[in-house]
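The values are calculated or read from the model by the stated rules, or taken from the named source; none is laboratory data. Just so we're clear, the structure is a prediction, and the values are computed from it rather than from any experiment. Virtual Cβ from ideal backbone geometry, glycine too; neighbours counted across all protein chains shown. All accessible areas refer to the heavy atoms of the entire protein, side chains included, with ligands and DNA or RNA removed. Shrake-Rupley method; radii C 1.70, N 1.55, O 1.52, S 1.80 Å.
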Amino acid sequence: MNIQQHERIARIKQISGYLYVCLTWARYALWLMWPLLAVIFFIGDKVNFTIGSVQIDDVELTLFMRLLIVTITSLFWFLILKLIHHFRALIKHFAEGDIFNKTAIDHARKALLNGLVIYGLYVGSALASWFYSATQIAPVSVVVNADFILALMFFGLMYVLLWALEIGCDLNEESELTI
């Protein structure tokens, strides 16, 4: 094997190790912030929040509304934690230098699926804010931006990388059988 490739592999392992540590700290921070966020929603008197492009100021929340907000936020938080868990496991395989295996590909697939669900929630909230603004007396503003196109490109690229990992895994299994 070429010496330059050894150096590249060593750098990939090193950077993956750093990313693994960062994702570990991010996971701990999210676990600590999750209950704190729920407590803030239950203690606060009035709430200002934004859904999509709609700003809602000084809203008096009922107990049902608070529970609904905490439930939706918890669902979103849970999906983010799952995404980080699977991405951490994938990066751990990179750090160990063992990426072309079924377990790593399974983690990559699950991380991508969680990312798609999170993006689906984002699109749902954007549609909800549009419907909310459409039902109000104020004029309806339709904002056209490139978020949707960029998301399609991002998830398309992620699927191409997932397929490359699957092809690499198949080639790795075939080479093991050949030896």
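A few points about this structure:
- Residue that is farthest from residue 124 (Cα to Cα), among those in region 46-65 that are modelled with pLDDT of 70 or more and touching a strand residue (DSSP E or B) at 6+ places or on another chain (Cβ under 9 Å): 60
- The conditions of being hydrophobic (A, V, I, L, M, F, W, C), part of a helix (DSSP H, G or I) and either in contact with a Gly (Cβ under 7 Å, 6 or more places away or on another chain) or touching a residue at least 12 places away in the same chain (Cβ under 8 Å) (or both) are not met by residue 153.
- Of the residues screened, residue 87 is one that is among the aromatic types (Phe, Trp, Tyr), part of a helix (DSSP H, G or I) and either out of contact with any strand residue (DSSP E or B) (no Cβ under 9 Å at 6 or more places or on another chain) or surrounded by fewer than 18 Cβ atoms within 10 Å (Cβ to Cβ) (or both).
- If the condition is being closer than 19 Å to residue 8 by Cβ and outside any helix (DSSP H, G or I), then region 90-111 contributes 97, 98, 99, 100.
- Within region 14-44, the set of residues being open to solvent by less than 80 Å² (accessible area, probe 1.4 Å) and more than 20 Å from residue 84 (Cβ to Cβ) comprises 39, 41, 44.
- Selection of region 90-108 for residues being in contact with a Gly (Cβ under 8 Å, 6 or more places away or on another chain) and open to solvent by 60 Å² or more (accessible area, probe 1.4 Å) yields only 100.
- Residue check, residue 146 exposed (fewer than 15 other Cβ atoms within 10 Å of the Cβ), modelled with pLDDT under 80, more than 20 Å from the chain's Cα centre (by Cα) and farther than 28 Å from residue 74 by Cβ: no
- Any hit, region 152-167, residues being under 24 Å from residue 9 (Cα atoms), among the aliphatic types (A, V, I, L, M), modelled with pLDDT of 80 or more and more than 21 Å from the chain's Cα centre (by Cα): yes
- Within region 61-82, residues that are open to solvent by less than 80 Å² (accessible area, probe 1.4 Å) sit with their Cβ atoms under 6 Å from residues that are of a type outside the set (A, V, I, L, M, F, W, C), at 6+ positions apart or across chains, in these pairs: 79/114; 82/114.
- Tally of residues being among the small types (Gly, Ala, Ser) and surrounded by fewer than 16 Cβ atoms within 10 Å (Cβ to Cβ) across region 113-137: 4
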